[in-house]
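This report refers to the structure that appears directly beneath it.
The values are calculated or read from the model by the stated rules, or taken from the named source; none is laboratory data. Quantities reported herein were computed from a predicted structural model and do not represent experimental measurements. Reconstructed Cβ throughout: ideal geometry from the backbone, glycine too, with neighbour counts over all protein chains shown. Only protein heavy atoms, including side chains, enter the accessible area calculation; ligands, DNA and RNA are left aside. Shrake-Rupley method; radii C 1.70, N 1.55, O 1.52, S 1.80 Å.
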Amino acid sequence: MPATRLMPTEIGDDLIEMTRTICDRVLRPAVDETERAAEGGEVFPREVFAELGEAGLLSLPYPEELGGGGQAYEVYLQVVEEIASVWMSVAVGTSVHGLTCYPVAAFGTPEQQQRMLPEMLSGTQLGAYALSEPLAGSDVGSMTTRATRTDDGWVVRGRKAWISHAGHADFYTTFARTSDDGGRGITCFVVPADAPGLTFGTPERKMGLHGDTVREVYYEDVPVADDHRVGEIGQGMTIALSALDAGRLGIAAASTGLAQGALDAAARYAAERQQFGRSIADNQGLAFLLADMEAAVTSARATYLHAARLRDAGRAFGRQAAVAKLVATDAAMRVTTDAIQVLGGAGYTADFPVERYFREAKVTQIFEGTNQIQRLVISRDLLRSVR
């Protein structure tokens with residue numbers, strides 16, 4: 001039962017219908033087998049991303065003249081939500097790829113945009129966002145990966161952690177320290193995947209999102225040309241935080257889609273399952289649980305769409321993005337938990353997808369800034385506005 005959409009344009013309606021068609025034809029038949037196979041070893045669904053890229057769904061919010069779809073962010077996010085309702089790993093990957101392109105699109109020179117973005121947005125490439133480190137997650141300013149100036153450009157040495165697409169990406173949007181001036185000493189670079197000295201760790205063994213390969217990335221004196229430096233020297237923290245505002249909306253939309261998928265599965269089961277001679281959905285206690293799940297999903301969708309519309313209007317949206325990420329990911333955790341309760345013992349088995357949804361939901365409260373960090377962002381911005 002697809003969520004009702006109110007799109008701003010007819011093109012938006014067409015994109016949603018195309019996304020649903022691709023989900024039914026490509027994603028739905030492959031998701032369970034791929035996720036199970038990836039539990040026992042690395043399986044990365046690159047062919048699925050190729051299909052989305054060919055359809056233009058990996059580059060929707062970027063300018064048409066640079067290879068993007070020229071769509072409003074609220075349209076792009078609803079596409080991400082649709083994908084997540086079927087395959088969360090792929091939705092997260094779609095959001096991550098959009099995040100990797102953002103620094104060049106927003107802070108690159110016109111020459112860099114013309115040179116880099118058409119390939120990045122072509123649908124044939126996939127990016128990785130290399131910001132976090134083993135000891136620098138929420139505290140970005142404490143990163144130790146360092147870029148040292150040379151006669152030919154820069155040399156990067158260090159390591160990044162929890163990097164989606166690592167080992168499969170075509171480029172790595174990398175943040176490295178260029179001075180010891182705390183958060184003001186970080187600079188952004190685009191590192192090609194074939195750069196000498198770029199290597200990868202063993203894929204992390206995770207609770208969920210098995211189709212989203214995550215590894216450490218090692219930079220062993222990796223040479224980077226100066227024309228692959230994005231923004232000014234020392235502007236990296238500003239770029240990273242600006243990109244994360246947009247990235248949080250991607251995770252909010254994906255979390256909403258995950259919750260919608262869990263709600264759909266629970267509602268179908270409740271309508272079909274018979275006990276004591278009637279559908280279990282006729283039990284008021286269970287029906288009210290479903291109603292609360294619907295309210296949570298609808299609320300999550302409203303928060304991310306509100307933030308997206310502010311962004312599309314060119315207005316500040318950082319606080320609203322943090323609210324959307326907080327509300328949507330908490331909703332995903334609650335709704336997927338309740339979906340298992342609706343299915344009872346069946347929900348605790350791998351015979352139904354709700355146990356996978358539950359495992360996938362947890363990390364949404366952690367990545368792109370933990371929900372504790374979101375509360376910090378929200379409260380600081382709120383109090384700043386009244387002082």
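Can you tell me which residue within the stretch 187-216, out of those that are buried (at least 19 other Cβ atoms within 10 Å of the Cβ) and within 17 Å of Tyr102 (Cα to Cα), is farthest from the chain's Cα centre (by Cα)?
Residue satisfying both the conditions and the ranking: Thr187.
Do the conditions hold for Leu60, that is, is it at negative phi, open to solvent by less than 20 Å² (accessible area, probe 1.4 Å), not in a helix (DSSP H, G or I) and not hydroxyl-bearing (Ser, Thr, Tyr)?
yes
So which residues in the stretch 349-387 are open to solvent by less than 30 Å² (accessible area, probe 1.4 Å), of a type in the set (Lys, Arg) and under 17 Å from the mean Cα position of the chain (by Cα)?
none
Take the residues in the stretch 39-57 that are in contact with a Gly (Cβ under 9 Å, 6 or more places away or on another chain) and small (Gly, Ala, Ser); name whichever of them is least open to solvent (accessible area, probe 1.4 Å).
The extreme case among them is Gly53.
Could you please give the count of residues in the stretch 170-196 that are in contact (Cβ under 8 Å) with a residue 40 or more places away in the chain and assigned to a loop (DSSP other than H, G, I, E, B)?
Count: 4.
Among the residues of the stretch 366-387 satisfying the criterion of being aliphatic (A, V, I, L, M) and assigned to a helix (DSSP H, G or I), which is modelled with the lowest pLDDT?
Top of the filtered list is Val386.
Restricting to the stretch 222-239, name every residue that is in a strand (DSSP E or B), touching a Ser or Thr at 6+ places or on another chain (Cβ under 9 Å) and more than 11 Å from Ala147 (Cβ to Cβ).
Residue satisfying the conditions is Val230 alone.
Rundown of residues vs (1) over 17 Å from Tyr304 (Cα atoms); (2) among the hydrophobic types (A, V, I, L, M, F, W, C); (3) not in a helix (DSSP H, G or I), yes/no style:
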| site | (1), (2), (3) |
| --- | --- |
| Gly69 | yes, no, yes |
| Val79 | no, yes, no |
| Val86 | yes, yes, yes |
| Ser95 | no, no, no |
| Ala106 | yes, yes, no |
| Gln112 | yes, no, no |
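For (1) under 22 Å from Val86 (Cα atoms); (2) in contact with a strand residue (DSSP E or B) (Cβ under 6 Å, 6 or more places away or on another chain); (3) in contact (Cβ under 8 Å) with a residue 60 or more places away in the chain, each residue gets a yes or a no:
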site	(1), (2), (3)
Asp312	no, no, yes
Ala322	no, no, yes
Leu326	yes, no, no
Thr329	yes, no, yes
Gln341	yes, no, no
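Just to verify a result, which residue in the stretch 304-348, among those that are touching a Ser or Thr at 6+ places or on another chain (Cβ under 6 Å) and more than 17 Å from Tyr73 (Cβ to Cβ), is surrounded by the most Cβ atoms within 10 Å (Cβ to Cβ)?
Within the stretch 304-348, the match that is surrounded by the most Cβ atoms within 10 Å (Cβ to Cβ) is Ala332.
Tell me whether the stretch 276-283 contains one or more residues that are surrounded by fewer than 18 Cβ atoms within 10 Å (Cβ to Cβ) and assigned to a helix (DSSP H, G or I).
Within the stretch 276-283, one or more residues are surrounded by fewer than 18 Cβ atoms within 10 Å (Cβ to Cβ) and assigned to a helix (DSSP H, G or I).
From the list Glu74, Glu33, Glu82, which one is in contact with a Ser or Thr (Cβ under 9 Å, 6 or more places away or on another chain), among the acidic types (Asp, Glu) and open to solvent by 10 Å² or more (accessible area, probe 1.4 Å)?
Glu82
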